[in-house]
Amino acid sequence: MSERDARPRDTTRVRAEVDLAALRANVTSLRARVSGAALMAVVKADAYGHGAVPCALAAQQAGAEWLGTATPEEALALREAGLRGRMLCWLWAPGGPWREAIAADVDVSVSALWALREVTAAARAERAPARVHLKADTGLGRNGCQPADWPELVAAALAAERDGLVRVVGLWSHFACADEPEHPANDAQLARFREMVAYAEGQGVRPEVRHIANSPALLTRPDAHFDLVRAGIATYGVSPGPELGSAADLGLRPVMRLSADLVLVKEVPGGHGVSYGHHYVTPGGTTLGLVPAGYADGIPRHASDAGPVLVGGKLRTVAGRVAMDQFVVDLGGDRPEPGTEAVLFGAGDRGEPTAEDWAQACGTIAYEIVTRIGVRVPRVYVNEHATG
């Protein structure tokens with residue numbers, strides 16, 4: 001009998017079980033790939049839907065030297081929860097909580113002069129220098145400073161550093177196509193990053209860390225590891241992209257297992273419409289099982305007639321449209337009892353689908369599948385404490 005089978009029955013409508021031992025193992029595996037570089041565990045978006053505080057703690061237990069968030073609010077919440085250590089947040093809007101971030105010992109990213117002006121004003125008010133990472137747009141075309149504007153930003157940052165208002169501790173960028181290892185943009189971005197780093201250092205910037213590698217680059221581009229790598233989706237045991245192989249191929253274990261209990265099983269005749277719009281009509285007499293989870297819980301509506309579900313040891317498919325709170329599976333005449341577990345996704349080693357399977361069924365990426373699981377779904381943490 002497994003540990004999961006031995007636990008008292010969970011009667012929650014739908015649950016996301018988060019295995020922190022799997023997360024720690026993933027961090028350990030990823031760190032082994034980047035000897036010489038530090039590892040940042042990215043816990044933005046509530047740790048990609050897994051729960052930021054427990055996952056951040058587990059990542060640190062496994063040796064992650066940095067934590068990364070998108071928004072300053074995410075970083076400040078981690079500090080309020082007692083998380084220590086180096087932390088970077090990078091998605092700032094004008095008027096953001098720069099002063100609070102400085103006071104909380106959070107590193108901040110700067111991509112433009114307006115942000116540098118705001119952070120220096122906050123540092124002056126706080127009477128403490130801000131730790132700044134200058135972000136270069138090497139080809140992604142999102143956040144980051146364009147090469148043409150880089151000299152001006154570097155000069156302004158160095159002037160602020162001389163005034164004691166900032167310390168330029170990082171230079172960084174982000175890949176656009178690292179999940180496609182053969183894409184020519186990868187080499188082009190890496191070359192541009194080296195040029196922009198060399199320029200900044202030539203002007204007098206002395207960064208503690210230079211970083212461009214996200215999860216796929218961590219796994220495929222050791223020449224992009226520099227001083228720090230940012231492990232995002234790989235931390236949670238999800239492959240960054242089909243071209244890189246499955247999680248198992250990469251030596252990673254999915255951390256989240258999403259399941260619910262059937263709340264109704266009933267017989268219906270052939271020709272019976274199922275769910276809104278009757279996009280699915282039973283081909284013959286059958287049994288239907290009702291799963292009490294829907295798009296309000298983060299189940300993609302695009303999974304209608306497509307999402308795989310394991311019920312009673314057999315793979316089923318969502319029958320008809322996913323509704324706000326529920327969906328139906330065609331059980332093909334089987335009659336499992338109400339309360340029988342329906343596993344939407346998990347590690348895949350017990351016959352259940354994975355988040356990657358759901359992504360393929362929905363025409364999206366596995367990042368979205370795990371991140372969108374909503375607040376109505378309780379996270380149940382297992383293996384919270386490291387052993388050995």
Original post:
If ligands, DNA and RNA are left out, what is the accessible area of HIS279 with a 1.4 Å probe, given in Å² to the nearest 10?
Top reply: 110 Å²
Subject >> Reduced Cα scattering model of the chain, Debye log10 I(q)/I(0), q = 0.11 Å⁻¹ >> reply: -0.81
Original post:
How far is helix 113-126 tilted, in degrees, relative to the longest principal axis of the Cα atoms in the chain, given as a value from 0 to 90 rounded to the nearest 10?
Top reply: 80 degrees
**OP:** Report P(r) for region 89-205: all Cα-Cα distances, bin width 5 Å, range 0 to the bin holding the largest distance, values in whole percent.
**Re:** 2, 13, 23, 22, 17, 12, 7, 3, 1, 0
Subject >> Three-way shape label, region 180-220, alpha-carbon gyration tensor, a/c 1.5 >> reply: oblate
Original post:
Hey, any idea what % of region 35-107's accessible area is carbon plus sulfur with a 1.4 Å probe?
Top reply: 55 percent
Original post:
In nm², what is the average projected area of the convex hull enclosing the Cα atoms of region 29-154?
Top reply: 8.6 nm²
**OP:** Taking the Cα centre of the chain as origin, work out the dipole magnitude from +1 charges on Lys and Arg Cβ and -1 charges on Asp and Glu Cβ, in debye rounded to 20.
**Re:** 620 debye
Subject >> Calculated Rg and Dmax of region 302-368 using C-alpha coordinates, Å >> reply: 11.7, 34
Subject >> Simple Cβ-charge dipole of region 312-369, Lys/Arg +1 and Asp/Glu -1, about Cα centre, in debye nearest 20 >> reply: 180 debye
Original post:
Cα extents of region 210-252 along the three principal axes, largest first, in whole Å?
Top reply: 29, 17, 14
Original post:
Stretched out fully, how many nm does the piece from ASP325 to ARG162 gain, at 0.36 nm a residue minus the Cα gap?
Top reply: 53.0 nm
Original post:
Tell me, what % of the accessible area of region 215-315 is carbon and sulfur with a 1.4 angstrom probe?
Top reply: 54 percent
Subject >> Gaussian network model of the chain, Cα within-10 Å springs - most flexible of GLY36, GLY95, GLY339 >> reply: GLY95
**OP:** Note down the Stokes-Einstein diffusion coefficient of region 78-145 in µm²/s, whole number, using a Kirkwood radius over alpha carbon pairs, 4 °C, and 1.567 mPa s.
**Re:** 104 µm²/s
**OP:** Take the alpha carbon atoms of region 281-341, find their center, do the same for region 174-244, and report the distance between the two centers in whole angstrom.
**Re:** 41 Å
Original post:
Counting every Cα pair in region 255-303, what percent are over 16 Å apart?
Top reply: 54 percent
Original post:
Accessible area per residue of the chain at 1.4 Å probe, in Å²?
Top reply: 42 Å²
Subject >> Size descriptor, Kirkwood hydrodynamic radius, that averages inverse alpha-carbon separations across region 277-388, Å >> reply: 14.8 Å
Original post:
What are the ³J(HN,Hα) values, in whole Hz, obtained from phi via the Karplus relation 6.51 cos²θ - 1.76 cosθ + 1.60 with θ = phi - 60°, for each residue of region 353-368 in sequence order, with x given for Gly and Pro?
Top reply: x, 10, 4, 5, 4, 5, 4, 5, 5, 9, x, 9, 10, 5, 3, 5
**OP:** Note down the net charge around MET324, summing +1 for each Lys or Arg and -1 for each Asp or Glu among other residues with Cβ under 15 Å from its Cβ.
**Re:** +3
**OP:** State, to one decimal in nm, how far the label point of GLU152 lies from the label point of LEU113, with both points 7 Å from Cα in the Cβ direction.
**Re:** 0.4 nm
Subject >> Nearest-ten-degree value, helix 20-32 long axis tilted from longest Cα axis of the chain >> reply: 40 degrees
Subject >> Crossing angle, helix 184-202 versus the chain [Cα axis fit, 0-90 degrees, rounded to tens] >> reply: 30 degrees
**OP:** Set the Förster radius R0 to 56 Å, insert the Cβ-Cβ distance between VAL281 and GLU201 as r into 1/(1 + (r/R0)^6), and round the FRET efficiency to 0.05.
**Re:** 0.25
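The values are calculated or read from the model by the stated rules, or taken from the named source; none is laboratory data. None of these values were measured; they are calculated from a predicted model. Positions of Cβ are backbone-derived with ideal geometry, glycine not excepted, and every protein chain shown enters the neighbour counts. The accessibility values were calculated without ligands, DNA or RNA, using every heavy atom of the protein model including side chains. Shrake-Rupley method; radii C 1.70, N 1.55, O 1.52, S 1.80 Å.
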